[in-house]
1. In region A:169-208, which residue that is more than 10 Å from chain B (Cβ to nearest Cβ) and outside any helix (DSSP H, G or I) is nearest to A:Leu112 (Cα to Cα)?
2. For the structure I just gave you, tell me whether B:Ala203 is in contact with a strand residue (DSSP E or B) (Cβ under 8 Å, 6 or more places away or on another chain) and modelled with pLDDT of 90 or more.
3. Go through the residues of region A:175-182 one by one and say whether even a single one is surrounded by fewer than 22 Cβ atoms within 10 Å (Cβ to Cβ) and in contact with a Ser or Thr (Cβ under 9 Å, 6 or more places away or on another chain).
4. Across region B:94-115, what is the total count of residues that are away from every other protein chain (no Cβ under 14 Å) and of a type outside the set (A, V, I, L, M, F, W, C)?
5. Can you find even one residue in region B:127-135 that is more than 14 Å from chain A (Cβ to nearest Cβ), free of Cβ contacts under 8 Å to residues at least 12 places away in the same chain, over 30 Å from A:Val287 (Cβ atoms) and surrounded by fewer than 20 Cβ atoms within 10 Å (Cβ to Cβ)?
6. Of all residues being more than 16 Å from ligand 2 (Cβ to nearest atom) and not in a strand (DSSP E or B) in region B:51-67, which is nearest to B:Glu181 (Cα to Cα)? Just the residue, please.
7. Identify the residue in region B:17-54 that is of a type in the set (Lys, Arg) and either over 26 Å from B:Ala187 (Cβ atoms) or within 16 Å of ligand 1 (Cβ to nearest atom) (or both) and, among all such residues, is farthest from the other protein chains (Cβ to nearest Cβ).
8. Tell me, which helices (runs of 4 or more DSSP H) wholly within region A:21-126 include 3 or more residues that are closer than 19 Å to A:Ser270 by Cβ?
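The values are calculated or read from the model by the stated rules, or taken from the named source; none is laboratory data. All values reported here derive from a predicted model rather than from experimental measurement. Cβ coordinates were reconstructed from backbone atoms using ideal geometry, including for glycine residues, and neighbour counts include every protein chain displayed.
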Amino acid sequence: MIAMRDFLTGRLVPVLTILVAIVVIWYGAAIGLNGPVIRDFEKRAGETSEGMAFILKTWSQPKPTMPAPHQVAAAFWKYTAGVKLTSNRSLIYHSWVTLSATLLGFALGTALGVVIAISIVHVPALDKSLLPWIITSQTVPILAVAPMIIVLLAAIGVTGLLPKALISTYLSFFPVAVGMVKGLRSPDTLHMDLMRTYSASRAQVLWKLRIPASVPFFFASIKVAIAASLIGAIVGELPTGAVAGIGSKLLAGSYYSQTIDIFAALIAGSICAILLVTLVDITGRLVERRMGAKT
Amino acid sequence: MSTLPVISAKNLDLVFQTGDGSVHALSDITLDIEKGEFVSLIGPSGCGKTTLLRVIADLEKPTSGEISVNGTTPEKARLDGAYGYVFQQAALFPWRTIAKNVALPLEIMGLPAEERTSRIKRNLDLVNLTGFEKKFPWQLSGGMQQRASIARALAVEPDMLLMDEPFGALDEIVRDHLNAELLKLWATTQKTIVFVTHSIPEAVYLSTKIVVMSPRPGRIHEIIDCDLGADRPLDIRETPEFLKIAHQVRDGLREGHSYDE
Ligand SMILES: Nc1ncnc2c1ncn2[C@@H]1O[C@H](COP(=O)(O)OP(=O)(O)O)[C@@H](O)[C@H]1O
Ligand SMILES: [Mg+2]
């Protein structure tokens, strides 16, 4: 009972308040942004509409500058529940295409990040030499690099899932590497001294002390990494005019000025992001509880 | 009884370089500890007791002077698993249960599972923690955590125990019990024990030799022999012999204490 009430006042009410505010602002923005276009059109047609009739018009254009929330909701509903999963118009199908690249890239990126972190912690020379390069790698704008990677890989015959996944990897290894360096170095001197009295090997210190101590850091960084992976996969779908994926839907939508479709695809992308981050969050909580975290 | 001492320090000096100057933590320490001795280090805080223990354990390198442990360097001795170390803080791994914490050194030693299980059971029993195997450290009081860390050090079954104020955080009753258990363990296993304490009665009750230290720089003020025999019931603490040695230690501490604070 109390947990329920806490949930209502603590989470649900604030979240819903923000949601209502966003929807209200959104409707307002639709009036403001679509209004001029309609005025222009009416002037040429020699008609005028006022008040509510005008407002309703701004909310029901087939190709509006800014689609209204209910238009996006209807499109989203149509392209998820209204079509077959295998259909080329299904947002679920396209989301899955993007998600599979995201997950593959995330897995590779996490593995790479962990390996880099372990190397940096164990080889002092790498701390100085590798870290600046890693940081530099992330200052290169991904939108500029992504087409190059995709085109280069296509030239050597690598197409499909992997090129997109590699862009996810590129974006996601960084937060993992940085977070894990910190996590692997987090054991305090007392625990390191204890391991020294046992004459534990470096591998034993790594497995029995550094890695368990880094678990909270790990989950904090993969939460960032998985969101970055999703962005990487979508960006990877943009340059080559990929035939499937949320990125391809965004591209097709902008090509044909289907703003409603663009927004529906964006919503699908956001839902994917929320699902992924939530999944990581829940996994992290379960693991930390098993490791004796106070609940 | 003229075998080589287990621990032999000659003119040890240790200076810590810190941001705001240097600290002379150990000055001209010369000390021999024979096999099977129970040696207590006693003195005001900051007199270098922990540092001396850490030098023996190869956790700290002396600036100058010589030290041998088991007839070799402290490093070799450590690599041979010569000692078990009980830190002033429990130093349990928060993600391991109590039983798993005791298992830690046994895993590192590569002992088989059944041997680990029996050692965990035996040593948790010794410190009265049976029934708490599956608890995580934060679910135990500070004193219970410290007892778990003692069980962890004992489970290694080393020939030498280095203990840094292990019972400092415990209440009197538990402390008495563990003192008696430690004494029993020492008498039956012939372990060499170096024991840091703040408590005069504890030092006199347990030791064969009491090293009184004084601070700034940390040095040995006096070494007091404490031969109360192997059989020491708790009420030996009211006997005149006991009180005489306790007095001697107190005088030593008073002389060594500088009042420049
Ligand atoms: N790692 C260190 N760096 C600098 N100074 C230290 C360090 N460890 C101990 N000291 C200093 O050395 C002196 C002796 O410390 P310690 O051996 O811990 O004394 P005790 O255990 O007798 O209280 C103290 O003045 C302390 O501040
Ligand atoms: Mg100390």
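1. A:Arg185
2. Details: in contact with a strand residue (DSSP E or B) (Cβ under 8 Å, 6 or more places away or on another chain): yes; modelled with pLDDT of 90 or more: yes.
It is true that B:Ala203 is in contact with a strand residue (DSSP E or B) (Cβ under 8 Å, 6 or more places away or on another chain) and modelled with pLDDT of 90 or more.
3. So the first thing to find is which residues in region A:175-182 are surrounded by fewer than 22 Cβ atoms within 10 Å (Cβ to Cβ), and the list is A:178, A:182.
Right, trim to in contact with a Ser or Thr (Cβ under 9 Å, 6 or more places away or on another chain) and you get A:178, A:182.
Looking for residues that are surrounded by fewer than 22 Cβ atoms within 10 Å (Cβ to Cβ) and in contact with a Ser or Thr (Cβ under 9 Å, 6 or more places away or on another chain), one finds at least one in region A:175-182, hence yes.
4. 3
5. As a first pass, look at region B:127-135 and keep what is more than 14 Å from chain A (Cβ to nearest Cβ): B:127-131.
So of that shortlist, the ones also free of Cβ contacts under 8 Å to residues at least 12 places away in the same chain come out as B:130-131.
Still in the list and also over 30 Å from A:Val287 (Cβ atoms): none.
No, every residue in region B:127-135 fails to be more than 14 Å from chain A (Cβ to nearest Cβ), free of Cβ contacts under 8 Å to residues at least 12 places away in the same chain, over 30 Å from A:Val287 (Cβ atoms) and surrounded by fewer than 20 Cβ atoms within 10 Å (Cβ to Cβ).
6. Going through region B:51-67, the residues more than 16 Å from ligand 2 (Cβ to nearest atom) turn out to be B:58, B:61-67.
Going one step further and asking which of them are not in a strand (DSSP E or B), we end up with B:58, B:61-63.
Working: B:Asp58: 27, B:Lys61: 33, B:Pro62: 33, B:Thr63: 37 Å.
Per the stated criteria, the residue is B:Asp58.
7. First, the residues of region B:17-54 that are of a type in the set (Lys, Arg): B:35, B:49, B:54.
Keeping just the survivors that are either over 26 Å from B:Ala187 (Cβ atoms) or within 16 Å of ligand 1 (Cβ to nearest atom) (or both) gives B:49, B:54.
Numbers: B:Lys49: 16, B:Arg54: 8 Å.
Once the filter is applied, the top-ranked residue is B:Lys49.
8. Details: elements: A:51-58, A:69-80, A:91-122.
Correct list: A:69-80, A:91-122.
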